[in-house]
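*Asks:* Sharing a structure below in structure tokens format, with a few things to ask.
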Amino acid sequence: MIMQEVQDAGHAEKTGSPVVDITGLDVFYGRLQALNDISLKIYPGEMVGILGPNGSGKTTLLHSIMGLTPYASGSIRLWGRDLSSYSSKEKARVASLLPQTTETPFPFPVSDVVLMGRYPFLKLWQGYSNKDIEAAQQAMEKTGVTHLSGRPFRQLSGGERQSVLLARSFAQGSRLLLLDEATSSLDIRRKIEVFDLLLQENNQNNRTVLSVLHDINLASMYLNRLIFLKEGRLVAEGKTEEVLTPEILGDVYETRVLVENHPVTGRPFILFLTGNS
């Protein structure tokens, strides 16, 4: 990663019509309200992070955007169309979700799991084409999992599985990538490699990235806008350098923090303080 690229990651402008346009979103699990009156817009080419304490509604928000979790009121539009107007295949062509974990009851090899990313483009009774196979191979090369291609997916480590699922998302070619703590099981080197790849896809292919994550410093390095949720509500949102303040972070996480400028990138760097500090 060229450090200047990381420094410039936070300066993307909001241009064009929103990729994701959410208005007044309410989601319930039984009587428990998981999301409360959420309104936000994600624009083409942005790299946006969703942060907040456990149970704040981050995963629910991503699942709602993909239509996996029904909502009680409000609206969600993808690329200018109401979410309800999309078929499953249509939705998968424009958006892909990389979950925290994925289990499969069948011993599919890695190559088949990655190739599944091309399923939304298959016509009825049509098999995978040479173009599909090539897209899967390129995605495996890009994410560094080619050496795993013949391994059963179920036998991989958690970090290896996440890398394979990222390859599947790349093979899918969707313009919107949704990541749900997709790097949580990776070591720090691999986390940086993954976000380098995401930044590359953003710069070269204008893919929009919306990522749930807990690592605030990783978010500061790569993401140009941050959204903070707490108890199902949107409590702060804005450019990374504007919202990473002791006041906002202290309110969201209910702990004391110190915000400094990184000595190399100049971007905000967060230090959490102990009770005795």
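*Asks:* Between PHE228, PHE153, which is at pLDDT 95 or above, buried (at least 17 other Cβ atoms within 10 Å of the Cβ), in contact with a helix residue (DSSP H, G or I) (Cβ under 6 Å, 6 or more places away or on another chain) and not aliphatic (A, V, I, L, M)? If you could, list the steps in order and put the result at the bottom.
*Replies:* Details: PHE153 fails: at pLDDT 95 or above.
Going through PHE228, PHE153 in turn, the sole match is PHE228.
*Asks:* Next question, about the same structure. List the number of the failed condition for THR104; all other conditions in (1) of a type in the set (Ser, Thr, Tyr); (2) at pLDDT below 95; (3) closer than 20 Å to SER174 by Cα hold.
*Replies:* For THR104, the failing item is (3).
*Asks:* Return only the number of the condition from (1) surrounded by 15 or more Cβ atoms within 10 Å (Cβ to Cβ); (2) of a type in the set (Ser, Thr, Tyr); (3) more than 21 Å from the chain's Cα centre (by Cα) that SER87 does not satisfy.
*Replies:* (1)
*Asks:* Now a separate question. Inside segment 123-139, can you point out the residues that are among the polar types (S, T, N, Q), part of a loop (DSSP other than H, G, I, E, B) and open to solvent by 100 Å² or more (accessible area, probe 1.4 Å)?
*Replies:* As a first pass, look at segment 123-139 and keep what is among the polar types (S, T, N, Q): 126, 129-130, 137-138.
In the following step, the residues that additionally are part of a loop (DSSP other than H, G, I, E, B) were identified as 126, 129.
If the condition is that a residue be among the polar types (S, T, N, Q), part of a loop (DSSP other than H, G, I, E, B) and open to solvent by 100 Å² or more (accessible area, probe 1.4 Å), then no residue fits.
*Asks:* Turning to a different aspect of this structure: Of everything in segment 171-189, what is open to solvent by 10 Å² or more (accessible area, probe 1.4 Å), under 20 Å from MET47 (Cα atoms) and polar (S, T, N, Q)? Give them in sequence order.
*Replies:* GLN172, THR183, SER184
*Asks:* Please state which one of ARG207, ARG168 is open to solvent by less than 60 Å² (accessible area, probe 1.4 Å), within 16 Å of GLY45 (Cβ to Cβ), modelled with pLDDT under 95 and not polar (S, T, N, Q). Can you show your working first?
*Replies:* Numbers: ARG168 fails: within 16 Å of GLY45 (Cβ to Cβ).
One residue alone meets the criteria, ARG207.
*Asks:* Right, next: Name every residue in segment 29-74 that is in a strand (DSSP E or B), hydrophobic (A, V, I, L, M, F, W, C) and crowded, with 16+ Cβ neighbours inside 10 Å, in order of residue number.
*Replies:* First, pick out the residues of segment 29-74 that are in a strand (DSSP E or B): 29, 32-42, 47-51, 73-74.
Checking which are hydrophobic (A, V, I, L, M, F, W, C) leaves us with 32, 34-35, 38, 40, 42, 47-48, 50-51.
Of everything in segment 29-74, those that are in a strand (DSSP E or B), hydrophobic (A, V, I, L, M, F, W, C) and crowded, with 16+ Cβ neighbours inside 10 Å turn out to be ALA34, LEU35, ILE38, LEU40, ILE42, MET47, VAL48, ILE50, LEU51.
The values are calculated or read from the model by the stated rules, or taken from the named source; none is laboratory data. Values in this document were obtained by computation on a predicted structure and should not be read as measured data. Counting neighbours? That spans all protein chains shown, and the Cβs are built from the backbone with ideal geometry, glycine included. These accessible areas exclude ligands, DNA and RNA; they are computed on the full protein's heavy atoms, side chains included. Shrake-Rupley method; radii C 1.70, N 1.55, O 1.52, S 1.80 Å.
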